[in-house]
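Q: Could you have a look at this structure, given as structure tokens, before my questions?
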Amino acid sequence: MFPELNNLLNVSPDKPEQGKFTLLCDVKTDGGFLVHHFLSFYLKANCKVCFVALLQSFSHYNIVGQKLGVNLIAARDRGQLLFLEGLKSTVEVLFGSEEQPNTLKFIRESSSDLKSLYEFVQKSLSPSSDGSAASWKFPVLLVDDLSVLLSLGVQAVAVLDFIQYCRATVCCQLKGNVVALVHDSDQTEDEENAMLVNALGHQSSLILRAEGLVTGFCKDVHGQLKILRRGLLQPKSEHTRSLIYQYKIQDKSVTFFARGLSPAVL
């Protein structure tokens, strides 16, 4: 968890917001640090987290999590973290037995139906009859990242349907949050990806967009972060508020500063 980012977003693990869909987007850079932030943030906030990890292995997230002060193994063992390791499941689908049940079985199916993935999320976050759900504040779905589904042959419409069902269940029914990362190719010829990014942007109440520097690589400034908030209850002139900060990723933290005010420049 990066305290500076919490300050920019005006949030705290003691009083996290509920019923929100947050879209993480990156273009010409790696926005993975945002995923690590929200994973550690919600675990420290004592929320139950369903993490659909399609990009990296469990050990990768655990190593980074330890640097941020959370132990994913301990969270998984106590039932706070439900982890779907997409890389491992994909290999099992492609090279394992067809009769073996698998959440990502849609890879082998021509319909690319994400019903099995939604059912995994629903089962993971729905209150259980043993009363264990009372131990957690509220449920959270975290996805890293949705663009992988497009690479696996899933159509953007199917991904949007999946998110819509997850929002209806997690945000509306269970009063929890959904956080998802998607890559923006920034190329008009990739119509599926462009449609996915645009549609998700309209559905979200908060967008964090990590962008690479137009000037290229810089050792002291790794990129810029655009923060867009949408408040439907605000006047039309304030429906969308945007802030832009530059950042530098360090070993255990991320430093944010206004554009052109990097300590290296000053």
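The values are calculated or read from the model by the stated rules, or taken from the named source; none is laboratory data. What you see is a predicted model, and the numbers here were worked out from it, not measured in a lab. Positions of Cβ are generated from backbone atoms using ideal geometry, with glycine treated the same way; all protein chains shown enter the neighbour counts. Please note that ligands, DNA and RNA were not included when accessible areas were found on the heavy atoms of the full protein model with its side chains. Shrake-Rupley method; radii C 1.70, N 1.55, O 1.52, S 1.80 Å.
Q: Quick check on residue 213: is it open to solvent by 30 Å² or more (accessible area, probe 1.4 Å), modelled with pLDDT under 95 and outside any strand (DSSP E or B)? Break it down stepwise before answering.
A: Numbers: open to solvent by 30 Å² or more (accessible area, probe 1.4 Å): yes; modelled with pLDDT under 95: yes; outside any strand (DSSP E or B): yes.
Against the criterion (open to solvent by 30 Å² or more (accessible area, probe 1.4 Å), modelled with pLDDT under 95 and outside any strand (DSSP E or B)), residue 213 qualifies.
Q: For region 45-64, enumerate the residues that are small (Gly, Ala, Ser), more than 15 Å from the chain's Cα centre (by Cα) and surrounded by 16 or more Cβ atoms within 10 Å (Cβ to Cβ).
A: The answer is 45, and nothing else.
Q: Okay, next question. Scan region 77-93 and give yes if some residue there is open to solvent by 10 Å² or more (accessible area, probe 1.4 Å), in contact with a strand residue (DSSP E or B) (Cβ under 8 Å, 6 or more places away or on another chain), polar (S, T, N, Q) and in contact (Cβ under 8 Å) with a residue 24 or more places away in the chain, otherwise no.
A: No, there is no match, as no residue in region 77-93 is open to solvent by 10 Å² or more (accessible area, probe 1.4 Å), in contact with a strand residue (DSSP E or B) (Cβ under 8 Å, 6 or more places away or on another chain), polar (S, T, N, Q) and in contact (Cβ under 8 Å) with a residue 24 or more places away in the chain.
Q: Is it fair to say residue 175 is at pLDDT 90 or above, charged (D, E, K, R) and assigned to a helix (DSSP H, G or I)? Let's see the steps before the verdict.
A: On the way: at pLDDT 90 or above: yes; charged (D, E, K, R): yes; assigned to a helix (DSSP H, G or I): no.
Spelling it out, it is not the case that residue 175 is at pLDDT 90 or above, charged (D, E, K, R) and assigned to a helix (DSSP H, G or I).
Q: Take region 216-256 and flag every residue that is buried (at least 16 other Cβ atoms within 10 Å of the Cβ) and modelled with pLDDT under 85.
A: Across region 216-256, the qualifying residue is only 230.
Q: Now a separate question. List the number of the failed condition for residue 27; all other conditions in (1) buried (at least 22 other Cβ atoms within 10 Å of the Cβ); (2) of a type in the set (A, V, I, L, M, F, W, C); (3) over 14 Å from the mean Cα position of the chain (by Cα) hold.
A: Answer for residue 27: the failing condition is (1).
Q: Let me ask something else about it. With the checklist (1) surrounded by 19 or more Cβ atoms within 10 Å (Cβ to Cβ); (2) of a type outside the set (Ser, Thr, Tyr); (3) under 26 Å from residue 218 (Cβ atoms) in hand, flag the one item residue 8 doesn't pass.
A: (1)
Q: Sort out which residues of region 95-125 are in a helix (DSSP H, G or I), at pLDDT below 90 and closer than 21 Å to residue 59 by Cβ, and write them in order of number.
A: The answer is 95, and nothing else.
Q: Residues in region 16-34: is at least one more than 26 Å from residue 157 (Cα to Cα) and free of Cβ contacts under 8 Å to residues at least 60 places away in the same chain?
A: No, that holds for no residue.
Q: Oh, and also: Could you grab me the full set of residues in region 30-44 that are open to solvent by less than 10 Å² (accessible area, probe 1.4 Å) and at pLDDT below 95?
A: If the condition is that a residue be open to solvent by less than 10 Å² (accessible area, probe 1.4 Å) and at pLDDT below 95, then 31 is the only one that fits.
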